[in-house]
Amino acid sequence: MSTLLVIQAHPHVEKSLSLAVGTRFVETYRRTHPDDQIIIRDLYTEAGVPPLNDMTMAAWRKQKFDEPMAEAEKTLLQQHADWLDEFIEADKYVFINPMYNHFLPAEMKQYLDLTAVAHKTFKYTPNGSVGLLEGKKAIHIQAAGSVYHAGGKWGIVKFLFRRLFKIKSNESSALMDLGDMYLTNMLKFYGVNQVEHVYIEGADAHADQREQILARALTEATTKAKVF
Ligand SMILES: Cc1cc2nc3c(=O)[nH]c(=O)nc-3n(C[C@H](O)[C@H](O)[C@H](O)COP(=O)(O)O)c2cc1C
């Protein structure tokens, strides 16, 4: 039995493309992997992601030097530990979010800050850092208003060429999808080497194609979930 952890960073709005496709992925997975456990971690609930703030830093310092802690500090450290354990214990990850300003929603970044812990998800060695979550896999499901990934590797080359020669264009490229790049890199840093993607792109820039864009992504999510 495997555990699928779904990390969802989305405000609770109606008609969300990423949530529709994410839900399709999870429901298909549930149907095709009936023995697996599925945990949904919604980062936009009222309590939110345990923060890295003044209290966290003070609590870490007190923990390190074995100093007495206030009850609130103990509770916060326990929340960090619980969320981190949940992440480490899962076998597979589904990350669902909208693109915000070429990046991930802040809550998703906060979640990655919470999970990047030395000796837990990675370790330092004389030859550089090594991920400790090898053998796990992930999928990133993201909706964006414009199109970033359609051009593939050739799109990246064209983008760099335009940058080099200062040629103006409205065409975007995967290099401007900083959130997807960052998430993929963090997962690889943790040792999660198999990272798949479902991009739901262009529904704002090409509003007349919204239904086709959604239908294509739903099909892709269904296909991927069956063999995930
Ligand atoms: C605050 C905000 C920032 C956004 N930034 C971008 C952006 O940088 N690039 C882009 O292509 N779309 C951007 N969008 C559009 C959304 O990514 C797009 O509408 C997407 O479909 C939203 O996801 P959802 O359909 O799951 O709600 C932004 C939307 C909002 C609300």
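A simple count of charges around ASP113, restricted to other residues whose Cβ falls under 14 Å of its Cβ and scoring Lys, Arg +1 and Asp, Glu -1, yields +1. Of the residues PHE228, PRO105, GLY151, the one whose Cα sits farthest towards the positive end of the charge dipole of the chain is GLY151 (charges of +1 on Lys and Arg Cβ, -1 on Asp and Glu Cβ, taken about the Cα centre).
Looking at the chain, I'd like the Rg to Rh ratio, where Rg is from alpha-carbon atoms and Rh is Kirkwood's inverse mean 1/r.
Details: Rg = 19.3 Å, Rh = 19.2 Å.
Ratio of gyration radius to Kirkwood radius for the chain: 1.01.
When each of the peptides 99-109, 46-56 is scored by the mean number of other C-beta atoms lying within 10 Å of its residues, the order from highest to lowest reads 99-109, 46-56.
Once the chain from LYS137 to ILE167 is taken as fully extended at 0.36 nm per residue, the excess over their C-alpha distance is 6.9 nm. Taking amide hydrogens as placed 1.01 Å from N in the peptide plane, the amide H of LYS136 sits under 5 Å from those of ASN193, each at least 5 positions away in sequence or on another chain. Spacing of the modelled spin labels on GLU46 and LYS62, each 7 Å from Cα toward Cβ, amounts to 2.6 nm. Near the amide H of ILE200, within less than 5 Å, lie the amide hydrogens of GLN142, ALA143, ALA144, all on another chain or at least 5 residues away, with H placed in the peptide plane.
For PHE103, the amide hydrogen comes within under 5 Å of the amide hydrogens of GLY179, counting only partners 5 or more places away or on other chains and with H modelled in the peptide plane. For the chain, the antiparallel share of DSSP beta bridges with both residues in that region comes to about 15%. Between the DSSP loop rule and a limit of at most 10 other Cβ atoms within 10 Å, which chymotrypsin sites (Phe, Trp or Tyr not before Pro) in the range 142-175 are left? Within the range 142-175, the qualifying chymotrypsin sites (Phe, Trp or Tyr not before Pro) (loop, at most 10 other Cβ atoms within 10 Å) are PHE165. Pull out a ≥ b ≥ c, the square roots of the eigenvalues of the alpha-carbon gyration tensor of the range 57-136, then state rounded if a/c is under 1.5, prolate if not and a/b is larger than b/c, and oblate in the remaining case. In terms of gyration-tensor shape, oblate. Kindly identify the range 72-193 as rounded, prolate or oblate by the Cα gyration tensor criterion: order the square roots of the eigenvalues as a ≥ b ≥ c, call it rounded if a/c is under 1.5, otherwise compare a/b with b/c, prolate if a/b is larger, else oblate. Prolate is the answer for the range 72-193, as a/c is 1.5 or above and a/b outweighs b/c. Listed by chain and number, the lysines whose C-alpha is less than 26 Å from the C-alpha of LYS224, apart from same-chain residues fewer than 8 away, are LYS15, LYS92, LYS109, LYS136, LYS137, LYS153, LYS188.
We did not get these values from a lab; they are worked out from the coordinates using the rules stated. Since we're looking at a predicted model, the values are computed, not measured. Please note: Cβ atoms are built from the backbone with ideal geometry, for glycine as well, and neighbour counts cover all protein chains shown.
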